[in-house]
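A.B. asks: Provided herewith is a single structure, encoded as structure tokens, for subsequent inquiry.
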Amino acid sequence: EKTGQYQRNLSGSIPIDQIYNLSLVEDITFARPVRGQTFTPRQKRNNNRRQRNRVRVHRQRKWNVKETKSDKSSKGGKKSGKGSKGGWWWQPSKGGKKSGKGSKSSNGGWWWMPSNGGEEQSQTSHDSTRCGLPVDHSDEQCVPLTGLVTSQGDGAMMTNKFRAENDIRGRGVTVGVISSSFGCSNSALDLDIINGELPPGGVNILKDDCKGANDNDEGRAMSQIIYDIAPGARQAFYPGLEGQASFAEGIIKLARDADVSIIVDDVLLFNEPMFMNGIVAQAVNTVSETYGVPYITSSGNLGTSSFETIVPPGRFISVGGVSKYVFDDSGDTRQTIEIGSDSTTFVLQWDEPYASAALDSGGSTSDINIAIYLDGDLVLFSDDKNIGGDPTEVLSIENKGPPVDIEIEILLDSGDPPTFMKYVVFGPTPNIKEYDTKSSTSFGHLNTENTISIGAAYWRDTPPFGVSPAIHRDFSSLCGCPILFDDDGNRLDQPLILAQPVVVGPDGVSTSVDGFDIFDGTSAAAPHLAGVVALMLESNCYDLSPDQVRDILQRTASDMDDKTTPGFDVGFDFTTGYGYVNAPAAIIA
């Protein structure tokens with residue numbers, strides 16, 4: 001999303017060598033230095049060994065799997081203690097006490113890193129059958145050979161250590177990905193499979209979108225992350241930037257035709273309804289309720305760049321024959337906003353039904369426009385005809401120079417004034433300088449009953465890397481946008497506020513896709529969570545409903561603080577949800 005798609009307060013930190021052995025941390029290796037990182041001699045030897053294995057593999061035209069060190073170490077040994085390859089390690093709460101070995105606490109507790117040897121065996125050991133069914137290993141020949149680039153989020157969620165000690169890799173699961181494009185660079189796609197960045201059987205691309213700016217292959221970057229976390233899972237893809245109808249169709253096709261077990265996306269379309277379920281949100285609810293498919297999405301990277309207001313009677317006044325919204329009691333009809341050096345888009349919506357989602361509702365009864373002024377002069381004006389359609393106005397402005405102040409006006413062209421309206425700003429670091437309400441920016445299908453929305457934390461700012469609680473990214477979108485209408489366009493008796501996001505996951509990770517060598521944003525966090533859910537499904541014999549998946553993620557998450565509010569937000573908040581994803585606990589729950 002930060003690449004154009006639609007895009008420390010430390011408390012109770014744990015030294016990394018107290019979480020698990022420093023030798024294990026070295027296993028989180030990268031093919032290239034990240035942010036000044038240098039390779040240790042051991043990491044260089046490992047990378048060289050992997051390269052030699054790949055050359056041998058492709059010369060023989062088959063996967064020559066060797067027993068890795070992690071495979072050998074998991075075969076035996078005694079019950080491990082804290083800090084060893086198996087055992088419990090403490091994630092403290094803010095000022096809390098230890099909850100006791102084996103307990104689960106959203107505010108703090110023990111995280112389990114199991115060992116397959118000794119008296120206490122993992123709950124998730126497997127043999128040649130899984131859940132009474134034969135295990136298909138046909139797509140796993142190269143699983144022990146990691147790709148040239150591995151997401152650091154694998155270590156930030158401790159899924160790398162969990163897989164090393166347990167025979168759970170996401171087998172029997174298919175993850176559907178929706179993003180901009182996937183295989184627009186065919187040579188890079190083929191190379192990804194050869195290099196072990198994607199499943200050896202490839203990805204089921206139902207459709208691709210290689211038109212214009214959509215051809216950045218962000219979906220392939222997401223798939224690489226999923227493969228890092230759940231290398232036994234199959235994958236499918238459908239593009240999401242071809243409009244609401246195509247997006248909704250892709251969601252249904254992935255569930256119905258590709259038989260996916262999970263869907264994950266990182267897309268938000270400007271014209272998705274804010275105050276009721278549009279056709280994309282309705283498709284999400286359909287696949288969740290009808291097909292039993294958990295739906296994961298990024299919460300967005302817009303922070304609190306939003307203005308919203310209740311519109312009391314008399315708040316629109318006539319100025320020169322034009323009805324304008326008044327921002328304060330002094331009669332000010334203009335709001336100053338600083339925009340950055342690039343394209344900035346304003347999405348304004350108000351509380352009337354959406355004809356695109358409920359045709360029989362009659363749609364909007366008001367026509368509202370946006371005007372933009374620069375240095376006092378009118379430079380842009382939106383003039384969409386809203387009556388009988390959707391209560392949505394979209395206006396974009398391009399700034400090719402340094403950041404600059406603009407002013408906006410909200411104009412009522414015809415019809416009755418709304419009673420509530422809201423706009424969200426998409427763009428590089430917008431700054432609402434006047435009348436800023438710092439409101440929710442996550443809307444549309446990101447904010448529906450069956451979505452599992454995820455925020456972002458930089459992978460180094462997480463418990464496995466000594467930062468506890470994890471720290472959310474400043475740009476993670478604030479959730480809590482109210483739902484005001486049912487799916488038929490009838491106004492609800494009370495606004496519905498949904499508990500989104502559900503959890504936070506790692507971002508700022510590495511992939512081999514051009515433009516996403518450092519993959520920032522909630523778009524990167526979402527596929528990490530999809531990989532975790534794939535491991536959860538296999539661990540639970542594929543017998544988890546979407547509601548159960550959500551419940552487990554909520555119960556096992558490690559509480560975080562919304563640093564934009566005073567004090568520590570105990571429990572749920574609209575920026576970090578229920579906390580940082582505790583993958584090992586969620587998988588064995």
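The values are calculated or read from the model by the stated rules, or taken from the named source; none is laboratory data. All figures in this text were calculated on a predicted structure; none of them were measured in a lab. No Cβ is skipped: glycine too gets one built from the backbone with ideal geometry, and neighbour counts run over all protein chains shown. With ligands, DNA and RNA removed, areas are computed over all heavy atoms of the protein, side chains included. Shrake-Rupley method; radii C 1.70, N 1.55, O 1.52, S 1.80 Å.
A.B. asks: Would you kindly identify the helices (runs of 4 or more DSSP H) lying entirely within the range 148-206 that contain at least 3 residues that are surrounded by fewer than 18 Cβ atoms within 10 Å (Cβ to Cβ)?
C.D. replies: So the answer is 186-194.
A.B. asks: Still on this structure: Restricting attention to the range 477-528, report how many residues are out of contact with any Ser or Thr (no Cβ under 6 Å at 6 or more places or on another chain) and of a type in the set (S, T, N, Q).
C.D. replies: 5
A.B. asks: Tell me, yes or no, whether the range 550-557 has at least one residue that is over 16 Å from the mean Cα position of the chain (by Cα), farther than 23 Å from Gly176 by Cβ and either part of a helix (DSSP H, G or I) or not charged (D, E, K, R) (or both).
C.D. replies: Checked against the condition, which is being over 16 Å from the mean Cα position of the chain (by Cα), farther than 23 Å from Gly176 by Cβ and either part of a helix (DSSP H, G or I) or not charged (D, E, K, R) (or both), the range 550-557 yields at least one hit.
A.B. asks: Could you please find all residues in the range 278-294 being open to solvent by less than 10 Å² (accessible area, probe 1.4 Å) and part of a loop (DSSP other than H, G, I, E, B)?
C.D. replies: Gly278, Val293, Pro294
A.B. asks: Let me ask something additional. Give me a count of the residues in the range 363-374 that are outside any strand (DSSP E or B) and crowded, with 16+ Cβ neighbours inside 10 Å.
C.D. replies: 1
A.B. asks: For the range 524-540, check the following and say yes or no: at least one residue is under 30 Å from Ala358 (Cβ atoms) and out of contact with any Cys (no Cβ under 8 Å at 6 or more places or on another chain). Steps first, please.
C.D. replies: Just the residues of the range 524-540 that are under 30 Å from Ala358 (Cβ atoms), to begin with: 526.
Filter again for out of contact with any Cys (no Cβ under 8 Å at 6 or more places or on another chain), leaving 526.
The answer is yes; a qualifying residue exists.
A.B. asks: If you don't mind, another one. Just to be sure before I move on: is Thr304 surrounded by 14 or more Cβ atoms within 10 Å (Cβ to Cβ), under 22 Å from Gly505 (Cβ atoms) and not hydrophobic (A, V, I, L, M, F, W, C) in the structure I sent?
C.D. replies: Answer is yes for this residue.
A.B. asks: Consider the range 524-538. How many of its residues are farther than 15 Å from Val502 by Cα, of a type outside the set (A, V, I, L, M) and either open to solvent by 20 Å² or more (accessible area, probe 1.4 Å) or within 17 Å of the chain's Cα centre (by Cα) (or both)?
C.D. replies: The qualifying residues number 1.
A.B. asks: Of the residues in the range 315-327, how many are modelled with pLDDT of 95 or more and assigned to a loop (DSSP other than H, G, I, E, B)?
C.D. replies: Selection size over the range 315-327: 3.
A.B. asks: Just for the range 450-469: of the residues that are assigned to a loop (DSSP other than H, G, I, E, B) and touching a helix residue (DSSP H, G or I) at 6+ places or on another chain (Cβ under 6 Å), which one is farthest from Asp332 (Cα to Cα)?
C.D. replies: Ranking the candidates gives Gly466 first.
A.B. asks: I've got another one for you. Being in contact with a strand residue (DSSP E or B) (Cβ under 9 Å, 6 or more places away or on another chain) and part of a strand (DSSP E or B) narrows it down to one residue among Thr297, Thr333; which is it?
C.D. replies: Thr297
A.B. asks: Take Gly571 and tell me if it is open to solvent by 40 Å² or more (accessible area, probe 1.4 Å) and on the phi > 0 side of the Ramachandran plot.
C.D. replies: Criteria not met by Gly571.
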